[in-house]
Amino acid sequence: MVSSRICAGLIGSVSALAFMISPAALAVPQDAGQVNNVGNCFLLPPYGGRNTIIMPGSTSLIPVVQVLGARLAQMSNPYLLVYFPMPSCDAMGRVNNASVMSGTAQFYTAPDPNDPTKITTQSCSIDGTVPIDLAVGDTFFETCDSSGATKREPSLGDFQGPEQAFVFIAPRAFQYTTYITDNEARCVFGCGAKGQVAPYFDDSFIYSYSNAVGLQFGAQLIIGKAIGLISFFDNGSSGNHGSHADQDEANGVASSTSPDRTIGFISAEVYDQMRDQLKALAFRGAGQSLAYYPDSNSNTRDKRNVRDGHYMAQAPMHMWAALNPDGSIKRPLARKLIDWMQGNPVAAEDQLPFDINDVYAQAGVIPKCAMTVSRSLDGGPFSPYVPEKPPCGCSFESKATGSAVPAGCVQCLDNTGCKQNQICSYGFCEQAW
């Protein structure tokens, strides 16, 4: 166990688990590399602007957007998902303030139609005359606006997508320990080396995000909620590292020259891309007696401890969109993308030729139908979650891990093959609520 001394002056609050259940591979490949700017995003064939979706959003969510964007680009009626990576709260603010985007954005394609996992990132330009369709991020509005300085406009809609986890990371060669507690993490990231948590005695190897004015990164906000920390240390040293994206953070930790003194945190979806270079630390949250990985162990991708509420550093993905006065979503492409990502019914001509849950399993996030707990605010208590759609826990786990029949799951063709309190859903017997 890592020894620690609570850093003086760091007093935070974290809500303990209000609901606990007994505990119980696919990954996005490394990006092929961003190529030179190929021109105006609205003039690229075969999209021609008609099916071009403009979306700023969290750097944590790039793996999800990559997979989804590549799948949409392969459709017979293709869509171009144009993404501006930025801090979550900045992205939300663009929609809240009815901004337009300009500059260089990313879009994603899968050049081999027989292998959608091989994704290429390219760039194109937006001239600033077209409104944003929607934005995506990691937090509730109230977390971004903790100061109360920004009023949420009635015209801003907040729609939840899949669940994310956020993980503490070390280089793969790190051997000092396997877990960290909320108190230890609060001292490390609140005070740096002055927190006196072994072995983190050098700010140069404590990786956090840039504290530049106005930048509110979702990963940092959610980790802050989980460890009861409002203000992360920034003493002007290289300890802050100026990270402006989860990938920056991941690369910095992975390439550290002192693995046994290095720590950081990123989204689990980015971590899943780099498991061969990074090690996740199990996390013991407030009120817990044990530390948990997001998954049932460090070598799988089942996300069981996120799904049942044991893992506390988690939050739903949020999709923010402008609303009409009657509450309907203003921009048609925003409505379409939100429906797709929430698995809502759509017109026959808008049916996806793939299962959105395949996208989530590949990218390392969890569809709502696989969750058994939920939160109504970041860092708040868990409540039992009853899926609005047929449950898909076993199906998700099968897709995410590559196991045909995950442990504890039973395949079925109909309800007759399931126990009395179960239903046959997505080919597996699932708990009936």
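Every number in this text was worked out from the coordinates using simple rules, so none of it is lab data. Note that the structure is a prediction, hence the values are computed from the model and not measured. Virtual Cβ from ideal backbone geometry, glycine too; neighbours counted across all protein chains shown.
Remark: T139, T416, T401 ranked as T416, T401, T139, counting other beta-carbon atoms within 10 Å and listing the fewest first. From least to most packed, judged by other beta carbons within 10 angstrom and beginning with the fewest, F428, F283 follow the order F428, F283. Pairs exceeding 25 Å between alpha-carbon atoms, taken from K303/K389; K151/K389; K225/K279; K151/K225: K151/K389. As an equivalent ellipsoid, the chain spans semi-axes of 32, 28, 21 angstrom, where each value is the square root of five times an eigenvalue of the C-alpha gyration tensor, largest first. The length gained on full extension between N40 and V386, counted as 0.36 nm times the residue separation minus their Cα-Cα distance, comes to 120.1 nm. Starting from the Cα gyration tensor of the stretch 335-414, take the square roots of the eigenvalues, sort them a ≥ b ≥ c, and report rounded, prolate or oblate (rounded when a/c is under 1.5, otherwise prolate if a/b is larger than b/c, else oblate). Oblate, because a/c is 1.5 or more while a/b does not exceed b/c.
Farthest toward the dipole's positive end in the stretch 83-192, which of A105, N183, L156, given Cβ charges of +1 (Lys, Arg) and -1 (Asp, Glu) about the Cα centre? Most positive-ward Cα: N183. Net charge dipole, the chain: roughly 400 debye, given to the nearest 20, about the Cα centre with Cβ charges of +1 for Lys and Arg and -1 for Asp and Glu. Going from the residue with the fewest nearby Cβ atoms within 10 Å to the one with the most, W320, W433, W340 rank W433, W340, W320. Among the trypsin sites (Lys or Arg not before Pro) within the stretch 370-433, those in coil by DSSP and having at most 16 neighbouring Cβ atoms inside 10 Å are K419.
Run the reach check for K118 against aspartates and glutamates, Cα to Cα strictly under 20 Å, same-chain hits fewer than 8 apart removed. What comes back? Excluding near neighbours in sequence, the set is D31, E269, D272, D276, D355, D358.
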